[in-house]
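Colleague: Dropping the structure in here first, questions after.
What follows draws every value from the coordinates through simple rules; no lab data is involved. What you are looking at is a predicted structure, and each value in this text was computed from that prediction instead of being measured. A quick note on method: Cβ atoms are made from the backbone with ideal geometry, for glycine too, and the neighbour counts reach across all protein chains shown.
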Amino acid sequence: MNDKYINILGIETSCDETSAAVLQDGRDLLSHVISSQIKTHQKYGGVVPEVASREHILHLQGVVEQALEEAKMDFADLSGIAVTYGPGLVGSLLVGVAGAKAMAYAAGIPLLGINHLEGHIYANFLHNPELEFPLLALLVSGGHSHLVYFEGHGQYRVLGHTRDDAAGEALDKVARTLGLGYPGGPYIQKAALEGNPRAFEFPRAMLEPGSLDFSFSGVKSAVLNTLNSARMKGETVKVEDVAASFQEAIVDVLVRKTLLALEKTNAPTLVLAGGVAANTLLRERLTGESQKRGIAFHYPPPILCTDNGAMIATAGYYRYLAKDYAPWDLNAIPGLSLV
Ligand code: KG4
Ligand code: ZN
């Protein structure tokens, strides 16, 4: 083992990306390999779990070898191996967990079990290691929409979460109905550029006064109803207008709830995380609102917003520093939450 540097190999296989990265001292990303299955799943309009697991089995070893090769390392140079153990698709998670266990055990180094949601938030520490606590995180991905208040590494409180669909899930479902492709977020964003965000007034679910929870199933259904009734009347709707108005409604709710959470917590710093954090409108709106309030706002580059091994290596680095190692019987937990 290398005593001079802390080298963490991060492995991510929770959904449809097989990814591995080598991170040195929590800030130098020496390699980052992402093997995406998007093309495989695109023809089905969403991720097929069984196919995803099999693809991870096919690619995990090659992706890890490439990550080590690009970092000019072998297992003997590593300090620990971090792996996502939940939440996610059980078969996909098991491939990563079993692989990481075998590698860490054989190399005689600690195994670090990482919550995928924490991983997304920790992408911000890779991009900006000087980030200070306390901070508020808006985590918006395909499966989750959370507002989380962090007081320190591993010390956090969930202030709000979605009661039904996640923001990304709603974007993906509407995109599919509009015939725009999978995953939907980037397609909605692209179509919205050519549309009018005020063409349709889609509902914004704010829930009870003061609530920091989200609900996106209502706005999703409103869009689907609009499209259905237009079809039944033989009317055509401009897809770009629907995309722009829908994106506007989602971003509006995310921003309003985030501002409310900032007000309630007095957090001086805001970070954005998860696949939907790649959305340009969301980034722009939160940048403007944070500036007005003197709040430091950070977000990772798009490649670190969607699923990746670098964010898992980063979360693993802080867990390694805390000597918070995973047991050898670490299991995949598909419904793992943030607590
Ligand atoms: O974090 P992620 O890669 O996977 C999960 O952990 O779920 O998030 C995937 C989600 C998908 O719903 C996708 O449509 C959305 O992130 N997404 C975006 C954008 N890029 C990805 N949503 C809006 N705008 C984008 N540019
Ligand atoms: Zn994710």
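Colleague: By count of other Cβ within 10 Å, fewest leading, how are H298, H116 ordered? Kindly include the intermediate steps, with their values, before the conclusion.
Modeller: Working: H298 17, H116 26.
Fewest to most other Cβ atoms nearby, the residues stand as H298, H116.
Colleague: Based on Cα coordinates alone, diagonalise the gyration tensor for segment 133-300, multiply each eigenvalue by 5, take square roots, and list the semi-axes in whole Å, largest first. Numbers along the way, then the final one.
Modeller: Working: eigenvalues 176, 45, 38 Å².
Computed over segment 133-300, the values are 30, 15, 14 Å.
Colleague: Once both labels are modelled 7 Å past Cα along the beta-carbon direction, what's the I38-E201 spacing in nm?
Modeller: It is 3.6 nm.
Colleague: Follow-up question, since we're still on this one. Under a Cβ-only charge scheme (Lys and Arg +1, Asp and Glu -1), can you give me the dipole magnitude of the chain about the Cα centre, in debye to the nearest 20?
Modeller: Values: 27 positive and 36 negative charges, 163 e Å.
That gives a dipole near 780 debye.
Colleague: May I pose another question? Counting only helical runs of four or more DSSP H residues, what would the 222 nm mean residue ellipticity of the chain come to if each run contributes -39,500 (n - 2.57) and the total is spread over all its residues? It would help to have the intermediate numbers written out before the result.
Modeller: Numbers: 11 runs with 151 residues, N = 339.
Result for the chain: -14500 deg cm²/dmol, rounded to the nearest 500.
Colleague: Determine which lysines satisfy two conditions relative to K4: a Cα distance under 25 Å, and not lying fewer than 8 residues away in the same chain.
Modeller: Cross-link targets: K72, K101, K323.
Colleague: Treat every Asp and Glu Cβ in segment 133-300 as -1 and every Lys and Arg Cβ as +1, leave all other atoms uncharged, and give the resulting dipole magnitude about the Cα centre to the nearest 20 debye. Let's see the in-between values first.
Modeller: On the way: 18 positive and 17 negative charges, 9 e Å.
Using Cβ point charges on Lys, Arg, Asp and Glu, segment 133-300 gives about 40 debye.
Colleague: Give, as a single signed number, the net charge of other residues whose beta carbon lies under 15 Å from the beta carbon of A76, with Lys and Arg counted +1 and Asp and Glu -1. Write out the running numbers ahead of the final one.
Modeller: Numbers: positive: K4, K72; negative: D3, E65, E69, D74, D77.
Once all neighbours under 15 Å are counted, the net charge is -3.
Colleague: Could you grab the relative contact order for segment 133-300? Cα pairs under 8 Å, six or more apart, rounded to a whole percent. Each step should come with its number before you reach the end.
Modeller: On the way: 322 pairs, mean separation 46.7, N = 168.
Relative contact order here is 28 percent.
Colleague: Could you give the length gained by full extension between D74 and E263, i.e. 0.36 nm per residue of separation minus their alpha carbon distance, to one decimal place? Don't skip to the answer; put the middle values down first.
Modeller: Values: separation 189, 0.36 × 189 = 68.04 nm, distance 4.78 nm.
That pair, D74 and E263, stretches by 63.3 nm at full extension.
Colleague: Pop out the Kirkwood hydrodynamic radius of segment 118-164 from its pairwise C-alpha distances, inverse of mean 1/r, in Å to one decimal.
Modeller: Numbers: mean 1/r = 0.0894 Å⁻¹.
That comes to 11.2 Å for segment 118-164.
Colleague: OK, next. Note down, for segment 224-339, the three equivalent ellipsoid semi-axes (square root of 5 times each alpha carbon gyration tensor eigenvalue), biggest first, whole angstrom.
Modeller: Working: eigenvalues 252, 102, 35 Å².
In descending order the semi-axes read 35, 23, 13 Å.
Colleague: Also: Bin width 5 Å, alpha-carbon pairs only: give the P(r) of segment 15-120 as whole percents, running from 0 to the bin holding the largest distance.
Modeller: Pairs per bin, as whole percents: 2, 13, 21, 26, 20, 11, 5, 2, 0.
Colleague: Taking only C-alpha pairs under 8 Å that are 6+ residues apart, what is the relative contact order of the chain in percent? Don't skip to the end; give the middle numbers.
Modeller: Numbers: 758 pairs, mean separation 84.4, N = 339.
Relative contact order comes out at 25 percent.
Colleague: Same structure again: Using the basic label-point model (7 angstrom from Cα toward the beta carbon), what is the S229 to Y325 distance in nanometres?
Modeller: Calculated label separation equals 6.2 nm.
Colleague: Roughly how many nanometres apart are two label points built 7 Å out from the Cα toward the Cβ at Y105 and E194?
Modeller: 5.4
Colleague: For a footprinting-style exposure proxy, rank D16, D252 by other Cβ within 10 Å, fewest first.
Modeller: Working: D16 26, D252 18.
Taking fewest neighbouring Cβ atoms as first place, the list is D252, D16.
Colleague: Here's something else I'd like to know. Lysine pairs in segment 133-300 with Cα distance under 22 Å, only those 8 or more apart or on different chains: how many are there?
Modeller: The result is 10.
Colleague: Among L224, L126, which comes first, second and so on when ranked by fewest other beta-carbon atoms within 10 Å? Mind dumping the intermediate values first?
Modeller: On the way: L224 14, L126 26.
Lowest to highest Cβ neighbour count: L224, L126.
Colleague: Calculate how large, on average over all directions, the projected area of the Cα convex hull of the chain is; give the answer in nm² to one decimal.
Modeller: Numbers: hull surface 67.4 nm².
Seen from a random direction, the Cα hull of the chain projects 16.9 nm² on average.
Colleague: Just for the chain, what percent of DSSP beta bridges are antiparallel, to the closest 5?
Modeller: Details: 26 of 43 bridges.
Percent antiparallel among DSSP bridges in the chain is about 60.
Colleague: Also: Can you give the Kirkwood hydrodynamic radius for segment 164-263, in Å, rounded to one decimal and based on Cα pairs?
Modeller: Values: mean 1/r = 0.0728 Å⁻¹.
Hydrodynamic radius (Kirkwood, Cα only) of segment 164-263 equals 13.7 Å.
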